[in-house]
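Q: I have a structure I would like to understand better, so I am pasting it below and will then ask my questions one at a time.
The values are calculated or read from the model by the stated rules, or taken from the named source; none is laboratory data. Remember, it's a predicted structure, so these values are computed and weren't measured experimentally. Using ideal geometry, Cβ is built from the backbone for each residue, glycine included, and neighbour counts are taken over all protein chains shown. SASA here: full protein model, heavy atoms, side chains in, ligands and nucleic acids out. Shrake-Rupley method; radii C 1.70, N 1.55, O 1.52, S 1.80 Å.
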There are 4 protein chains.
Amino acid sequence: MISICLFGAGRIGRIHAANVAARDDVELRYVVDVDQASAAACAAQHGAAVSSVEQALNDHTLDAVIIGSPTDTHADLISRSAQAGKAIFCEKPIDLDIGRVDACLAVVEQCGVPLALGFNRRYDPSFASLKARLDGGSIGKVEMVTITSRDPAPPPAEYAARSGGIFRDMMIHDLDMARWLLPEEPVEVFATASCLVDPAIGAAGDVDTAMVVMRTAGGILCHISNSRRAVYGYDQRIEVFGSGGMLRAENERNDTVQHFSADGTLISRVPDFFIDRYEQAYRRELNDFVDMLTNDTTPAVSGKDGRQALVLADAAQASLERGAIVRL
Amino acid sequence: MISICLFGAGRIGRIHAANVAARDDVELRYVVDVDQASAAACAAQHGAAVSSVEQALNDHTLDAVIIGSPTDTHADLISRSAQAGKAIFCEKPIDLDIGRVDACLAVVEQCGVPLALGFNRRYDPSFASLKARLDGGSIGKVEMVTITSRDPAPPPAEYAARSGGIFRDMMIHDLDMARWLLPEEPVEVFATASCLVDPAIGAAGDVDTAMVVMRTAGGILCHISNSRRAVYGYDQRIEVFGSGGMLRAENERNDTVQHFSADGTLISRVPDFFIDRYEQAYRRELNDFVDMLTNDTTPAVSGKDGRQALVLADAAQASLERGAIVRL
Amino acid sequence: MISICLFGAGRIGRIHAANVAARDDVELRYVVDVDQASAAACAAQHGAAVSSVEQALNDHTLDAVIIGSPTDTHADLISRSAQAGKAIFCEKPIDLDIGRVDACLAVVEQCGVPLALGFNRRYDPSFASLKARLDGGSIGKVEMVTITSRDPAPPPAEYAARSGGIFRDMMIHDLDMARWLLPEEPVEVFATASCLVDPAIGAAGDVDTAMVVMRTAGGILCHISNSRRAVYGYDQRIEVFGSGGMLRAENERNDTVQHFSADGTLISRVPDFFIDRYEQAYRRELNDFVDMLTNDTTPAVSGKDGRQALVLADAAQASLERGAIVRL
Amino acid sequence: MISICLFGAGRIGRIHAANVAARDDVELRYVVDVDQASAAACAAQHGAAVSSVEQALNDHTLDAVIIGSPTDTHADLISRSAQAGKAIFCEKPIDLDIGRVDACLAVVEQCGVPLALGFNRRYDPSFASLKARLDGGSIGKVEMVTITSRDPAPPPAEYAARSGGIFRDMMIHDLDMARWLLPEEPVEVFATASCLVDPAIGAAGDVDTAMVVMRTAGGILCHISNSRRAVYGYDQRIEVFGSGGMLRAENERNDTVQHFSADGTLISRVPDFFIDRYEQAYRRELNDFVDMLTNDTTPAVSGKDGRQALVLADAAQASLERGAIVRL
């Protein structure tokens, strides 16, 4: 029985807690949150104890931690958990500052604990299926990758202000997808963007509508499109074009019903947001983490993956600011 | 240069005239219609002469006739054309009375002229593609055939009254499709039907909503669904289920546009009616007739095909009237 | 906390057990199975005790039972559970014999306990969504219902032999769907069928390929198509045609990936079988049963629904045997 | 009766000739081609005379010319036709050199003749339908445009060498689409590209795989993806994302057949190349030109449209060469 402490009992934390609870071989031992009420509610629901960071990490029989607290606490919690010898699952990102990320990863490496990053999309059944077929050679050599990612509605402007910007906060997921799908690292990044959705986001110094184009050393091209608003739902698509064909992962639909009327045929909506769309991905991601602990394998998404996605996000931000291509 | 006389310058006749005109190796020589204005308009458009049945058939250099006049003139025109030694293309049906059909076909056989029946759906690109894959063995042995055919709107009740009823007038197309797709003839027919669309159709002694189930000697099952009204357009679908898979021909769409909104995704309408849906089929059908004349091959859809479809339609009508299965 | 005893720890029973375990407000107290090993494994997994029918029903604090044992035990377990005052969830069917069903339902009524039948498809998200739109009037008055249901592979012939036949064993689900979707009861049933998949099924006196057509008093038509084998997966579709349009629930897909190659575009498989396809339906069905217990509401699928579906299945069987329409 | 001279009896020229021939109100009077055999064959097929540029333009009763000859003859033929007072339909591009384009357009303006450019995609039924819905406000304000355009197979390298490069030869169509769909002109262009398909194209100084991102003054973003090879057919898609939704025009399919097998469901191929995909577009384009002549309206696609697309193509080429954004 693997014992786990959850840091952060917010929306994402509770998803992880429920996925832990659904397994018979994992025990949710502690829940830690600065909001005591949230911690208590989550702990009560799954038979765990409310605790503190210090107490939890001092429990020598605790195996692992899941970090779902706010971004600015990640690096510190990772470092402390590593020093306590705990296996770590951390939601993306490690930190918004590449220097802090490097320092944190150095601690992890020194301590020799496994660190798995929560890039949930790698666990989405459709994206994983696309990746498997790609790796199986079904479309030959990859030549172009196109990623579309649009949120249903913009976050509050104050969130945008401290999010690190659209590239580090939102597109980082797509940049990780790009790295996962491309057979080699991007070496050139170009970004262009606008504030079309919410002027308050612009006032906070950020953008809400963005396109990035990247190029690898071998000349493979990648395009990412982001918007902070899509009235039709959470738009999450991938297209990989190769010498021997194309693979597309389309949006899911809420159900399979088609309504034929004089206007045409209406098919069902795409899922509202990540809670719906990535429900299975979160479950599979947690299961993968537990399997890693059980079988002593290496994490599917490593700290280095988290770092490299941030490098690309930083490059995109720099490209936007300079109005020029950034070479890595 | 093949010379052709068109009998009937109505809606269907004009489609055939235009398809003849589009070829460089066929001449539309005469147009015959009891409505002289229609005949004149059609003839003028394509550089043909207005004529009469007698005159046209007396032209010894005329090669062929296309019969697109009202149903009750078909058998007579076929017989006279056959006796004049002309190759014949006739819109379905030969006649609504099986006795008259047999007499007519006897004349055709005696005269030794080729007779091609206008079951246009066999020339629809999607249905023809389905049939080719079926014949190519892509789904193994056929076990079930399902045919859906729904008109966009009911005909005038007076039309229904003299149409021979929904089975002989409308479902006869589906019965021909069934015979074309099934590897053996149906031996049992069961029909059930209602008048749900237009009470005037019921008052005229007909039905407007019908289902037929047929069975072959080898136990293959076939289902046909008809309605005289579909607000979403002309619903024309085929599904063939076999030991090794399933083939479906879905409805066409007016275009490929998808509109994503908060309600879902709206895809375009299906074609309005047969003029739109079977535009290509009519062209291919005419081309096939000309090829038959040019290459001296046998018609793809024979008089016997027309007869057998009527036999099934008669059986369906009898089944409905008796409330019992009809065995052939 | 509602306490439940599970009768039957086979494939379906274990699904229900897991769905019970996933809730915080329900306790799986006992597991009963003639196969003690199965009972023990299931009980251990969810912290329940192995018990016997007698013991479990004698526990006066037990609230409810879930019956997932073999069909021929259902009526007896329902009766005994009713007499013990337990709320009952029973997998379909109550029994294969209408006389025994009536006797059993009489006991249930006398005892005044709630009985919910496990027609899982009513809880399928797509079918439920279709039904909701239908009830919302989106296609006007229902005129035709078409239900396609094909299993991926035939059961062992010995199963077929004691299953009651394809109509009572398999099509009963579709007959319930038909009743659910039709605004009035069918009054005429016609069945035709063959043994095309497995000769051993025929040798056992059953068929494996079947079509049924039904008609209501108001003239609404319904068609059901069944096969015991579909190489492409578990084919589960519904189409409802009405005066104002059409609603279709198409098959689900394992994922949203599309593979574009020189052959065309390959989209993903439909789910393998009911375990995959109806995973959500089983969960929602169980939740509905618990809600019924908690809120003291009437079951969504009643004993009468189970009875009526059997009446239709009996009629279909009789129609097949007599080669004639059966009027109810 | 409008009389027309066709310059160029190659593949495109013959399409225009056939579309002219299909109308009753237009006469194909002359066919001109340096390849006399081609000219003769095309002329014979449609009852036209073989002629020369000089002779044809000297016919004072000739109304219009259609220019489908090689690109390097366009500007000269336009100028001479304009000076002869003929209405002009010219295949894209006017010329590969912006200076020559401007000189040519100055002549056209001076002569006061109408000039229609053959950007066929504007006449594609699906793209035109998308545009109509966009103009109807169905998705609010445009925020992002994504255009995918991939040829089935690369042209011969010698073609690439004198084509002006992928941006001026191929992407110019997409750049025109972008201008057509965007509510304002792009002001920034960024291009990146590779030679991944055919090394001979690279040796000829061109690329075969390209992505462009553009931005308008108002911050609307546009992405275009090109490849000279797509094994699955001619990939032609458009996506417009707006404040109120998204419109997509997907690829057409050769037919509507779906093949369900153990591997999944195979749907039909997309059309092979532009001859198939844009068959209707060519017809509608020609009809629009004739309507313009008949009704004395302005051309839907003007010489200025041709010029502006070239300006964007030049900017893309410059961006690629400089590795930097180009501002217009």
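Q: Please compute the modelled spin-label separation between residue B:83 and residue A:58, points set 7 Å along Cα→Cβ, answer in nm with one decimal.
A: Roughly 11.5 nm, to one decimal.
Q: If the only charges are +1 at each Lys and Arg Cβ and -1 at each Asp and Glu Cβ, what is the size of the charge dipole of the protein assembly as shown around the Cα centre, to the nearest 20 debye?
A: Values: 124 positive and 180 negative charges, 0 e Å.
Computed about the Cα centre, the dipole is about 0 debye.
Q: Also: In whole Hz, with x marking every Gly and Pro, tabulate ³J(HN,Hα) for the stretch D:14-26 from phi via Karplus 6.51 cos²θ - 1.76 cosθ + 1.60, θ = phi - 60°.
A: 5, 4, 5, 4, 5, 5, 5, 4, 6, 9, 8, 9, 10
Q: Summing +1 for each Lys or Arg and -1 for each Asp or Glu, what net charge is found among the other residues whose Cβ lies under 9 Å from the Cβ of residue D:226?
A: Within the 9 Å Cβ shell, the charges total -1.
Q: Please determine, in degrees from 0 to 90 and to the nearest 10, the orientation of helix A:171-181 with respect to the longest principal axis defined by the Cα atoms of chain A, where the helix direction is its Cα long axis.
A: 80
Q: Could you list which residues have their amide H under 5 Å from that of residue A:245, counting only those 5 or more apart in sequence or on another chain, with H placed in the peptide plane?
A: Sorted by chain and number, the residues that satisfy this are D:231.
Q: A drop of at least 20 square angstrom in accessible area, chain alone versus all protein chains together, probe 1.4 Å. Which residues of the stretch A:223-237 meet that?
A: Output list: A:223, A:229, A:231, A:232, A:237.
Q: First select every other residue whose beta carbon is under 15 angstrom from the beta carbon of residue D:217; then total the charges, Lys and Arg +1, Asp and Glu -1.
A: 0
Q: How far, in nm to one decimal, is residue A:41 from itself in the other copies if the label point is set 7 angstrom along Cα toward Cβ? Shortest first, please.
A: Spelled out, the distances from residue A:41's label point are 4.0, 7.3, 7.7 nm.
Q: If only Cα atoms are counted, what is the Rg of chain D, and what is its Dmax, in Å?
A: Expressed in Å, the Cα Rg and Dmax of chain D come to 20.2, 67.
Q: Continuing with this model, one more query. Using the C-alpha gyration tensor of the stretch D:144-216, what are the square roots of 5 times its eigenvalues, in whole angstrom, with the largest one first?
A: They are 25, 11, 11 Å, listed largest first.
Q: Here is a follow-up. I need two numbers for the stretch B:70-217: Rg to one decimal and Dmax as a whole number, Cα atoms only, in Å.
A: 17.4, 47
Q: Measure up A:86/A:304; D:86/D:304; A:141/B:131 against 24 Å on the Cα-Cα distance and list the ones that go over.
A: Values: A:86/A:304 18 Å; D:86/D:304 18 Å; A:141/B:131 35 Å.
Among A:86/A:304; D:86/D:304; A:141/B:131, the Cα-Cα distance tops 24 Å for A:141/B:131.
Q: Using the Kirkwood radius built from alpha carbon pairs, what does the Stokes-Einstein equation give as D for the protein assembly as shown at 25 °C and 0.890 mPa s, in µm² per second? Before the final figure, lay out each step's value.
A: Numbers: Rh = 34.9 Å.
Calculated translational D: 70 µm²/s.
Q: Rounded to whole Å and sorted largest first, list the principal axis extents of the Cα atoms in the stretch B:193-282.
A: Taking the Cα atoms of the stretch B:193-282, the three principal extents are 46, 45, 34 Å.
Q: Here is a follow-up. Rounded to the nearest 500, what is chain A's calculated 222 nm mean residue ellipticity when only DSSP H runs of at least 4 contribute -39500 (n - 2.57) each, over all residues?
A: Working: 13 runs with 132 residues, N = 328.
After summing the helix terms and dividing by the residues of chain A, the value is -12000 deg cm²/dmol.
Q: How big is the antiparallel share of DSSP beta bridges in the protein assembly as shown, given as a percent to the nearest 5?
A: Within the protein assembly as shown, antiparallel bridges account for around 60 percent of the total.
Q: If I model the stretch C:2-113 as equal point scatterers sitting on the Cα atoms and use the Debye formula, what is log10 I(q)/I(0) at q = 0.12 Å⁻¹?
A: -0.37
Q: Nearest beta-carbon of C to the rotation axis carrying it onto D: which residue, how many whole Å?
A: Its Cβ sits closest to the axis: C:266, 3.
Q: Under the definition of partner shielding as Cβ atoms of other protein chains within 10 Å of a residue Cβ, what is the mean value for peptide A:145-152?
A: Taking all residues of A:145-152 together, the mean is 2.
Q: Could you compute how much accessible surface residue D:321 exposes when probed at 1.4 Å, giving the result in Å² to the nearest 10?
A: Spelled out: residue D:321, probe radius 1.4 Å, area about 130 Å².
Q: Another question about this same structure. So what's the net charge close to residue C:184: Lys and Arg +1, Asp and Glu -1, counting the other residues with Cβ under 13 Å from its Cβ?
A: Net charge in that neighbourhood comes out at 0.
Q: If you don't mind, another one. Please name whichever of D:93, D:5, D:53 sits farthest to the positive end of the charge dipole of the stretch D:2-113, dipole taken about the Cα centre and charges placed at Cβ: Lys and Arg +1, Asp and Glu -1.
A: Working it through, the farthest residue towards the positive pole turns out to be D:5.
Q: Another question about this same structure. What does the structure give for C:98-107 when I average, per residue, the other chain Cβ atoms found within 10 Å of the residue Cβ?
A: Across the residues of C:98-107, the mean count of other-chain Cβ atoms within 10 Å is 0.
Q: Just for the Cα atoms in the stretch B:274-314, what are the lengths along the principal axes, largest first, rounded to whole Å?
A: Between the extreme Cα coordinates on each principal axis of the stretch B:274-314 lie 34, 30, 7 Å.
Q: What are the nm distances, shortest first, from residue C:135 to its equivalents in the other copies, labels at 7 Å along Cα→Cβ?
A: 4.5, 4.5, 5.0
Q: When only C-alpha pairs under 8 Å and at least 6 residues apart count, what is the relative contact order of the stretch A:2-113, in percent?
A: 25
Q: Could you work out how far the C-alpha centroid of the stretch C:185-231 sits from that of the stretch B:144-174, in angstrom?
A: 25
Q: In whole Hz, with x marking every Gly and Pro, tabulate ³J(HN,Hα) for the stretch D:280-286 from phi via Karplus 6.51 cos²θ - 1.76 cosθ + 1.60, θ = phi - 60°.
A: 5, 4, 4, 5, 5, 5, 5
Q: About its Cα centre, how strong a charge dipole does chain B have in debye, to the nearest 20, once Lys and Arg get +1 and Asp and Glu get -1 at the Cβ? Mind showing how you got there, number by number?
A: Details: 31 positive and 45 negative charges, 111 e Å.
Roughly 540 debye, rounded to the nearest 20.
Q: Could you give me the ³J(HN,Hα) list for the stretch B:75-85, computed from phi with Karplus coefficients 6.51, -1.76, 1.60 and θ = phi - 60°, whole Hz, x at Gly and Pro?
A: So the Karplus estimates, Gly and Pro as x, are 4, 5, 5, 4, 4, 5, 5, 4, 5, 7, x Hz.
Q: Once neighbouring chains are kept in place and the probe is 1.4 Å, which whole percent of the accessible area of chain D is contributed by carbon and sulfur?
A: 49
Q: In addition: For chains C and A, what's the summed buried accessible area, probe 1.4 Å, to the nearest 100 square angstrom?
A: 2100
Q: To continue, here is another question. Check each residue of the stretch A:199-219 and keep those whose accessible area, probe 1.4 Å, is at least 30 Å² smaller with all protein chains in place than in the chain alone; give them in order of residue number.
A: Buried by the other chains: A:209, A:211, A:213, A:215.
Q: Also, I was wondering about something else. What accessible area per residue comes out for the protein assembly as shown, rounded to a whole number of Å², with a 1.4 Å probe?
A: 35
Q: Report the Cα-based extents of the stretch C:174-328 along its three principal axes, largest first, to the nearest Å.
A: Largest first, the stretch C:174-328 extends 53, 49, 39 Å along its Cα principal axes.
Q: Considering only DSSP beta bridges where both residues belong to chain A, give the percentage that are antiparallel (nearest 5).
A: Taking every DSSP beta bridge with both residues in chain A, the antiparallel ones total about 55 percent.
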